[in-house]
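A.B. asks: First the structure, then my questions, so here it is.
The values are calculated or read from the model by the stated rules, or taken from the named source; none is laboratory data. Everything quoted here is computed from the prediction, not taken from an experiment. Please note: Cβ atoms are built from the backbone with ideal geometry, for glycine as well, and neighbour counts cover all protein chains shown.
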Amino acid sequence: MNCTEYKEKLVEYIEGLLPDEQKQQLEVHLKNCRQCQAELEQLNALNQRINLDAKNRQSADFENAVLNRIIREQNKRLKQADGINRQPHIWRIIMKSKITKLAVAAIIIVAVVLSVNIFDKTVPTAFGIEQIIEAYNSIRYLHVKQFRSIQEEPVESWIKTDEQGGIEKARCYLPEYIAPEDGAKLIAWTPQRAELWFKRKNGYLIFQTKKVEPMMQSLLEQCQPKLVMKKLLEDQKAGAVDINMQEPQNKQEPAIIVATYKSIPKKEIYYINQATNLITHIEYYRIENGQDTLASTTEFYDYNVPIDEKMFSLKDEVPKDATMVNQLEQLIGIPQGSMTDEQAAAETVRQFFQALIDKDYKKAGLIFSGIPEEKAKEYFSRLNITAIISISTPTPYPKCGPHSFRVPCELEITGTDGQKTTWEPYGPFARCGDDEVHPDRWIIHGGI
Amino acid sequence: MAENDQFFIEQCLDGRPDEFRHLVRRYQTAVTAYLTSKLGNKNNAEEAAQETFVRAYFNLSDLKKRESFSSWLLGIANRVAKEQLRNKIQIADMDLLAEKQAEEQKAGDDFELQRAFAELGDSYREILLLRFYANQSCQKIAENLNMPLGTVTKTLSRAYTELRRLLEKQKVKDNEVQR
């Protein structure tokens with residue numbers, strides 16, 4: 001062989017594809033031929049260069065990004081496909097299913113004889129609510145979006161569950177329309193602590209977990225599919241709901257469960273991935289004058305895609321200038337002691353204004369729900385309160401909680417020109433129980 | 001992962017969309033590299049690569065020759081790239097692009113190589129993408145592309161030669177610009 005022929009064999013040599021005999025021949029030639037040696041070196045260098053470029057391109061997030069897009073696209077297509085006229089479509093799919101056809105035929109025969117309502121019977125299918133519940137046993141992570149039909153921005157939750165399907169950690173974004181007075185909120189919740197960031201007010205609250213537990217539980221019950229399905233199963237067993245299932249033969253199409261409630265004018269449609277038995281989304285309908293109106297949609301994403309632990313704490317996200325109230329690290333408000341609620345409310349207001357008169361902003365801040373000293377100074381120093389004229393009998397103010405009172409009062413304020421005037425704030429409002437570890441402590445929560 | 005593309009494609013069509021993950025993993029680098037060479041921008045390329053896989057997923061049932069998944073995928077990538085180029089007024093001249101992109105390059109990016117890739121003939125580019133970016137052996141490529149092994153190694157050899165020529169050409173050009 002000459003050099004040209006040897007050079008042609010170099011790729012096979014690098015790839016380890018040369019038969020032993022040819023390989024030995026080539027190696028002998030390489031030892032004696034500088035030109036071919038240089039050629040081999042150049043090829044190896046290029047080889048390495050391409051390999052390095054390939055390595056630099058690998059992206060761990062890419063795979064998840066693609067799969068998320070596929071799920072989103074699938075949900076979108078499903079919606080578009082039957083968005084125009086859902087009822088007949090669902091009916092059509094239901095009737096297309098072989099199992100349903102058989103079942104319906106069988107039931108019709110019975111119905112003719114016994115005059116029973118067809119859909120009082122559950123259509124027997126190969127999959128069922130129990131199987132779906134079971135499929136969720138292996139799910140630890142999920143990401144949920146709850147859309148209200150009129151509102152574009154969803155309530156969004158990221159959830160880590162424990163082995164029983166309970167909530168271990170969660171993060172929720174609540175858009176402004178949930179509580180317009182608060183503005184949009186982010187909540188991070190773990191068994192040790194809960195964090196709340198009021199975006200518009202730029203307030204950052206760290207507090208005991210238990211206080212928001214009922215609220216978190218009710219929120220999460222709606223977005224933990226296992227609990228949703230358990231509830232549906234109970235309702236079905238109690239005879240409160242009619243359930244229709246259909247299972248298209250094409251496994252790429254979702255299975256569908258239509259739940260129509262008997263005594264409540266509402267209907268739910270569940271879309272289930274047939275391969276995994278996991279729910280992709282749920283649609284909630286109101287039934288008004290015989291018409292179904294879509295009330296809300298819940299979409300499920302990223303099953304078992306691990307959620308970064310950082311997501312369950314807001315500390316790195318909240319702006320540095322946010323007003324932070326850490327109820328875990330400081331004792332807020334004043335103790336009730338042996339006072340009645342009315343006395344305690346009045347005393348809280350008295351101590352708060354006295355602290356302002358004394359320019360003790362640290363104390364004022366602690367009574368004013370625990371805001372930091374510098375914030376209290378910023379908010380209240382320009383009022384320049386110089387005396388308490390009177391404090392009237394507190395009146396219950398249930399709007400802000402069961403132990404909440406309005407405490408009318410008159411205060412003397414001194415203007416920059418030294419002129420004294422009387423000022424009556426529209427509150428202030430005092431209540432106890434904000435600090436769950438010290439439920440007997442009273443604070444001011446607004447009205448100034 | 002010993003299973004071939006066909007296996008995963010059939011799994012997907014059988015209602016196991018999660019199995020598509022394996023195909024994404026196998027070809028993501030190749031598709032992204034291909035699109036970088038077509039679009040000349042890493043971020044656009046990654047976005048276009050995602051779009052390519054999403055389209056592939058929804059059109060899997062149209063793929064007649066399942067053994068040619070990789071070529072089919074690169075075909076989709078090519079269409080996505082063309083659409084992107086049509087939608088945006090892109091700079092057609094890769095040399096101009098090079099100047100513009102140079103600032104954006106992260107350390108470790110081999111932009112000369114990407115430019116050379118952009119100029120390669122389709123068959124050469126495909127074989128290099130499969131060999132290095134999809135990390136397939138020559139035997140595997142032969143199997144996937146339904147080609148004799150000898151043809152694969154010969155094409156690979158020519159692809160190297162062509163790539164070296166292009167890299168050399170660039171070097172000369174760059175030197176001229178610097179001068």
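A.B. asks: Based on this model, can you work out whether A:THR293 counts as part of a strand (DSSP E or B) and modelled with pLDDT under 85? Before the answer, list the steps.
C.D. replies: Working: part of a strand (DSSP E or B): yes; modelled with pLDDT under 85: yes.
So A:THR293 passes the test.
A.B. asks: Quick one: would you say A:GLU329 is closer than 30 Å to A:ARG171 by Cα, surrounded by fewer than 16 Cβ atoms within 10 Å (Cβ to Cβ) and either of a type in the set (Asp, Glu) or free of Cβ contacts under 8 Å to residues at least 60 places away in the same chain (or both)? Reasoning before the result, please.
C.D. replies: Working: closer than 30 Å to A:ARG171 by Cα: yes; surrounded by fewer than 16 Cβ atoms within 10 Å (Cβ to Cβ): yes; either of a type in the set (Asp, Glu) or free of Cβ contacts under 8 Å to residues at least 60 places away in the same chain (or both): yes.
The answer is yes for A:GLU329.
A.B. asks: Now, a different point. In the set A:ILE391, A:ILE334, which member is among the aliphatic types (A, V, I, L, M), free of Cβ contacts under 8 Å to residues at least 60 places away in the same chain and over 25 Å from A:ARG200 (Cβ atoms)?
C.D. replies: Values: A:ILE334 fails: free of Cβ contacts under 8 Å to residues at least 60 places away in the same chain.
One residue alone meets the criteria, A:ILE391.
A.B. asks: Then there's this: Have a look at B:THR52, B:THR32 and point out the one that is within 7 Å of another protein chain (Cβ to nearest Cβ) and among the β-branched types (Val, Ile, Thr). Talk me through it step by step, then tell me what you get.
C.D. replies: Details: B:THR52 fails: within 7 Å of another protein chain (Cβ to nearest Cβ).
Step by step, each of B:THR52, B:THR32 is checked, and only B:THR32 is within 7 Å of another protein chain (Cβ to nearest Cβ) and among the β-branched types (Val, Ile, Thr).
A.B. asks: Among the numbered criteria (1) in a helix (DSSP H, G or I); (2) out of contact with any helix residue (DSSP H, G or I) (no Cβ under 6 Å at 6 or more places or on another chain); (3) modelled with pLDDT under 90, which one does B:LYS64 miss?
C.D. replies: B:LYS64 satisfies every listed condition except (1).
For every residue, the table says whether it meets (1) part of a helix (DSSP H, G or I); (2) basic (Lys, Arg); (3) touching a residue at least 24 places away in the same chain (Cβ under 8 Å).
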position: A:GLU374; (1), (2), (3): yes, no, no
position: A:LYS377; (1), (2), (3): yes, yes, no
position: A:THR386; (1), (2), (3): no, no, yes
position: A:ASP417; (1), (2), (3): no, no, no
position: A:HIS438; (1), (2), (3): no, no, yes
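A.B. asks: Being in contact with a Phe, Trp or Tyr (Cβ under 9 Å, 6 or more places away or on another chain) and not in a helix (DSSP H, G or I) is true for just one of A:LEU196, A:LEU232. Which residue is that? Please lay out each step first, then the result.
C.D. replies: Numbers: A:LEU232 fails: not in a helix (DSSP H, G or I).
None of the others qualify; the one that does is A:LEU196.
A.B. asks: Here is a list of conditions, (1) away from chain B (no Cβ under 12 Å); (2) under 18 Å from B:THR161 (Cβ atoms), and A:ILE14 meets all of them except one; can you say which number that is?
C.D. replies: The single condition A:ILE14 does not satisfy is (1).
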